[in-house]
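This report refers to the structure that appears directly beneath it.
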Amino acid sequence: MGVYEQVRRDAFDEDIGQNSWLTATEQDAFGQWLNLSPGQALLDVACGSGGPALRIAAMTGVSVIGVDVHERAIATGNALAAERGLAHAAEFRVAAAAEPLPFSDGTFDAITCIDAINHLPDRRRVIAEWARLLKPAGRLLFTDPIIVNGPSPMRKSRCAAPRASIFSFPRDMTNSYSFSAACASCPRKT
């Protein structure tokens with residue numbers, strides 16, 4: 001094992017090709033929180049080279065589309081999907097996450113954005129765009145790597161290590177939504 005591989009193993013425990021601080025255990029919990037199942041569609045925004053998205057596709061049977069601005073990452077994601085026999089279930093496309101995305105309204109059952117939302121300007125508009133892409137009752141999960149040492153002061157939670165925000169868009173997807181949050185150390189909603 002080379003130095004690079006050892007560092008990634010030491011940092012992540014299991015290297016699933018993540019491009020953030022996400023661990024395999026957290027990724028698996030996110031898939032469960034989103035209630036993903038075969039026949040559903042997931043959009044992974046800022047997917048990098050697609051390692052976590054491919055893991056979700058393999059574990060849940062959902063079809064995944066990943067978008068990222070980096071062409072080399074997208075090429076790697078598509079190559080990995082083919083290599084792992086998941087090309088039928090996972091596709092990666094070049095797209096800027098801060099811009100309107102090239103999908104019809106109500107295309108996805110769930111959307112994830114792992115440790116990248118802090119890079120997107122005008123987050124209110126970005127989240128409204130993601131809501132447009134979700135089916136009724138679709139779910140959005142994003143992590144923010146900037147929150148690393150405890151709950152946000154706006155959240156009344158006993159949870160000491162928040163990692164994800166989960167939004168559900170039940171009816172009018174652009175104007176009303178419910179919010180729940182969860183963290184990697186306690187799978188309960190807060």
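The values are calculated or read from the model by the stated rules, or taken from the named source; none is laboratory data. All figures in this text were calculated on a predicted structure; none of them were measured in a lab. Because the Cβ atoms are built from the backbone with ideal geometry, glycine has one as well, and the counts that use them run over all protein chains shown.
Do the conditions hold for Thr60, that is, is it among the hydroxyl-bearing types (Ser, Thr, Tyr) and under 18 Å from Thr23 (Cβ atoms)?
Against the criterion (among the hydroxyl-bearing types (Ser, Thr, Tyr) and under 18 Å from Thr23 (Cβ atoms)), Thr60 qualifies.
If you check Ile111 against the conditions, is it within 16 Å of Asn35 (Cβ to Cβ) and at pLDDT 90 or above?
yes
From Ala97, Ala128, grab the single residue that is under 12 Å from Asp44 (Cα atoms) and among the hydrophobic types (A, V, I, L, M, F, W, C).
Ala97
From Ala75, Ala81, Ala58, Ala97, which residue is of a type in the set (A, V, I, L, M, F, W, C) and surrounded by 20 or more Cβ atoms within 10 Å (Cβ to Cβ)?
Ala81
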